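A short write-up of the structure that comes next.
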Amino acid sequence: MRSHNVARRSASVLLWQLFSVAEVAQTFGPSAQTAGSLRDFRTKMQNSMRDTIDLNCDVGELSWEHDAQLLTLVSSCNVSCGAHAGDLASITCTLREAVRLGVAIGAHPSYPDRKNFGRQSMPMSHDQLLNTVLEQCDLLRGIVRSLGGQLQHIKPHGALYHDLAQQPALAEAILCGVSQAFPKCAIYGPAGSG
């Protein structure tokens, strides 16, 4: 709990540094602990500062209760698609909270490897891997849409993230297929890998 309070204080300091006290007070009002206030403030931040830092985290992997706390501190999240962690119920709860708070949602596909949390490469053909990644992302997109949200980005998880950065042929096969199936989604990768 202590680390959560430190993170909340750090985020508060950052928000106070980005906007004057008057702007924060005007946006939040005297009792600004509602999701609507947070959503309004997040929208104001996005509209007034085009070059900002995106605070991003991975969620949908453990407990949605913890995710709910994290989501109040970030501007975007990468939600497990169930292949490396999470289950349909907890992923849906996490997505519902992200939509409610106005957090940008991304799919977090992985090798189908729950035993190793998606952290080990798996021998799969490019076509097999593309199919599993597309199935994972499509499942998440369907849930997000049913909750009134929109899938904003895709960030591969674990070993898949690193394999795509280090294997150009694999990256080309997977990323071309993903960008065709999800043309409006940004694809996240390590700096310098593009």
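The values are calculated or read from the model by the stated rules, or taken from the named source; none is laboratory data. It should be emphasised that the depicted structure is a prediction, and the values quoted were computed from it without experimental measurement. Heads up, the Cβs are rebuilt from the backbone with ideal geometry, glycines too, and the neighbour counts pull from every protein chain shown. With ligands, DNA and RNA removed, areas are computed over all heavy atoms of the protein, side chains included. Shrake-Rupley method; radii C 1.70, N 1.55, O 1.52, S 1.80 Å.
Numerical summary
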{"quantity": "Percent carbon-and-sulfur accessible area, the stretch 53-194, ignoring ligands, DNA and RNA, probe 1.4 Å", "calculated": "54"}
{"quantity": "Simple label model, 7 Å out from Cα along Cβ direction - LEU88 to CYS176, nm", "calculated": "3.4"}
{"quantity": "Full-extension gain in nm, GLU65 to LYS184, via 0.36 nm per residue minus C-alpha separation", "calculated": "39.9 nm"}
{"quantity": "Column: log10 I(q)/I(0), Debye, Cα scatterers of the stretch 61-194, q = 0.10, 0.18, 0.22 Å⁻¹", "calculated": "-0.29, -0.96, -1.38"}
{"quantity": "Cα-projected label distance for GLN166 with CYS57, points at 7 Å along beta-carbon direction, nm", "calculated": "2.8"}
{"quantity": "Gain on full stretching of the segment that runs from THR72 to ASP127 - 0.36 nm per residue minus C-alpha separation", "calculated": "16.0 nm"}
{"quantity": "log₁₀ of I(q)/I(0) at q = 0.21, 0.28 Å⁻¹ - the stretch 48-103, Debye sum with one point per alpha carbon", "calculated": "-0.69, -1.09"}
{"quantity": "Separation of the GLU135 and ARG114 label points, Cα + 7 Å toward Cβ, nm", "calculated": "1.3"}
